[in-house]
1. Might you check whether a residue that is assigned to a loop (DSSP other than H, G, I, E, B) and out of contact with any helix residue (DSSP H, G or I) (no Cβ under 8 Å at 6 or more places or on another chain) occurs anywhere in region A:74-84?
2. What is the residue count in region A:267-297 for residues that are in a strand (DSSP E or B) and over 19 Å from the mean Cα position of the chain (by Cα)?
3. I'd like the full set of residues that are farther than 13 Å from B:Gly28 by Cα and within 14 Å of chain A (Cβ to nearest Cβ), limited to region B:46-64.
4. Quick check on A:Glu378: is it modelled with pLDDT of 90 or more and facing chain B (nearest Cβ under 9 Å)?
5. Considering A:Lys111, A:Lys66, A:Lys104, which residue is surrounded by fewer than 20 Cβ atoms within 10 Å (Cβ to Cβ), under 23 Å from A:Arg240 (Cα atoms) and touching a residue at least 12 places away in the same chain (Cβ under 8 Å)?
6. Condition first: modelled with pLDDT under 95, crowded, with 16+ Cβ neighbours inside 10 Å and outside any strand (DSSP E or B). Now tell me which residues in region B:17-41 satisfy that.
7. Could you list, in sequence order, the residues of region A:284-309 that are within 14 Å of A:Leu386 (Cα to Cα) and of a type outside the set (D, E, K, R)?
8. Hey, among the residues in region A:341-355 that are among the small types (Gly, Ala, Ser) and under 23 Å from A:Val317 (Cα atoms), which one's surrounded by the most Cβ atoms within 10 Å (Cβ to Cβ)?
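The values are calculated or read from the model by the stated rules, or taken from the named source; none is laboratory data. Owing to the predicted nature of the structure, the values given are computational and were not obtained by experimental measurement. A quick note on method: Cβ atoms are made from the backbone with ideal geometry, for glycine too, and the neighbour counts reach across all protein chains shown.
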Amino acid sequence: MLKLPIYLDNNATTPIDPRVLEAMMPYFTTHFGNAASRSHSFGWSAEEAVDYAREQIAALIGANPKEIIFTSGATEADNLAIKGVFEMYAQKGKHIITLNTEHKAVLDTCKHVEKLGAEVTYLSVKEDGLVDLAELEAAMRPDTILVSIMYGNNEIGVVQPIKEISAIAHKHGALFMTDGTQAVGKIPVDVNVDGIDLMSFSAHKMYGPKGVGALYVRRKGPRVKVTAQMDGGGHERGMRSGTLNVPGIVGFGKACEVARLDMEEDTKRIIALRNKLENELLTVEEAYLNGSKEHRLPHVANISFKYVEGEGLMMGVKDIAVSSGSACTSASLEPSYVLKNLGLDDELAHSSLRFGLSRFTTEEEVDYAINHVKEAVEKLREMSPLWEMFKEGIDLKSIEWAEH
Amino acid sequence: MAYSEKVIDHYSNPRNIGTLDKSSSKVGTGLVGAPECGDVMRLQIEVDETTGKISDAKFKTFGCGSAIASSSLATEWLKGKSIEDAMNIDNMDIVEELALPPVKIHCSVLAEDAIKAAINDYRVKNGLPPIEKL
């Protein structure tokens with residue numbers, strides 16, 4: 001039986017996997033100890049569980065368990081990485097390079113360190129959302145301490161050439177950090193193969209619980225250090241104080257283990273469903289895929305339906321949960337900055353829907369979504385003056401619009 | 001954001017979608033907003049020359065649910081009104097009727113602008129000067 005509404009917003013968050021929840025439960029009840037308590041069995045069993053989770057997490061990304069620093073999520077990990085590196089390596093330099101399509105957790109943190117004296121270069125991306133490696137190389141300076149470029153984009157799913165990027169950063173003596181939030185658990189990520197020095201990621205994007213994430217911090221070749229942004233008991237090798245979220249961490253560990261074991265099969269299935277959804281929706285007249293088609297996460301499709309507005313469209317597809325690049329509020333008439341930075345016209349950026357599938361998405365759900373979206377687009381185009389003009393052959397660019 | 005029942009009703013069953021002959025001297029057309037802003041409204045009125053009242057009104061809107069509902073409601077209100085009464089439709093009346101939240105007030109402003117633009121288009125076509133709010 002098809003249950004409505006259908007959840008297709010898995011880039012925002014994923015449902016928790018039952019296997020993950022089951023692993024977590026005892027740590028809310030019988031094993032409630034503080035992992036930092038050294039004097040009794042309650043603390044020991046919590047610490048043991050945390051150590052085991054650290055191993056599960058490290059195994060997924062090819063890291064050493066000691067290189068995993070637990071945080072409250074990827075946003076905190078991004079903050080810790082960028083602010084922590086800027087403070088720790090201030091003597092070496094003050095230049096940071098990032099992309100203008102990064103998540104706000106990276107962009108706003110970069111803005112913050114700019115106020116503290118950092119110089120940040122925000123590179124533009126190419127039309128397909130990928131970084132221009134020649135531009136990155138040209139932007140490197142002797143005082144560049146950090147290159148921060150995300151693994152997979154949250155809005156369009158574009159996967160950056162991480163190996164090439166890290167090689168450029170290292171060639172110029174800079175550290176390479178990546179926001180791996182959308183990629184870890186979805187595609188193979190290996191910190192050594194990829195040359196990653198720091199990486200933020202989060203449990204709730206890979207069927208784990210919310211409120212727990214990690215920063216990978218390389219210990220060898222080079223040994224990376226970040227200045228703590230949270231002072232206190234000196235947990236997590238002094239980099240992040242605060243009592244560990246034991247049940248969350250246990251869930252995070254289990255989620256990583258499941259992802260590692262099931263990734264190949266999950267990916268095959270999800271790609272087939274995503275491609276079906278995408279191919280069907282792209283048969284709609286004047287529908288366009290945003291971002292690179294090849295270099296993309298397996299579960300994401302971001303599609304613009306020209307001449308219909310995204311927020312109105314979302315209201316029309318109330319049986320599916322998706323998100324739109326359009327923000328039609330008086331506070332912000334600006335559509336998604338990610339889509340705009342691909343060079344999309346504002347009107348195309350306003351017309352986009354992001355579909356994010358999960359390991360729980362079924363073919364029946366995808367079929368339903370396809371028809372539902374097609375019908376809504378058709379209905380809204382019936383009432384769209386822009387569609388009528390397009391059909392009459394009027395060039396919308398020739399009209400003098402009264403901007404408001 | 002949760003939409004009011006009235007917005008959902010107008011969105012799901014929009015009144016008076018369509019196109020009137022914009023070359024007719026009886027028809028006034030208002031096209032406001034811009035695609036870049038994510039809102040474009042086209043509102044048209046047809047005026048009965050003998051009574052001077054609006055005999056028909058049609059709209060098409062590119063925009064969010066509140067923009068669609070605002071223009072749908074506007075066409076409903078316009079029908080049967082004199083030009084003078086139509087000119088007095090205030091955006092806050094639309095806000096109140098549809099229970100629009102503050103972030104959607106601009107949708108009602110756009111609808112009011114569309115009404116005025118349509119009326120003035122009609123007036124100019126018929127050799128009358130455009131008017132501001134009466």
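1. no
2. Going through region A:267-297 one residue at a time, the tally reaches 2.
3. B:Lys60, B:Thr61, B:Phe62, B:Gly63, B:Cys64
4. When the stated conditions are applied, A:Glu378 does not pass them.
5. A:Lys66 is the lone residue from the list that is surrounded by fewer than 20 Cβ atoms within 10 Å (Cβ to Cβ), under 23 Å from A:Arg240 (Cα atoms) and touching a residue at least 12 places away in the same chain (Cβ under 8 Å).
6. If the condition is that a residue be modelled with pLDDT under 95, crowded, with 16+ Cβ neighbours inside 10 Å and outside any strand (DSSP E or B), then B:Pro35, B:Glu36, B:Cys37, B:Gly38 are the ones that fit.
7. Listed by number, the residues that qualify are A:Phe305, A:Tyr307, A:Val308.
8. Per the criteria, the residue is A:Ser351.
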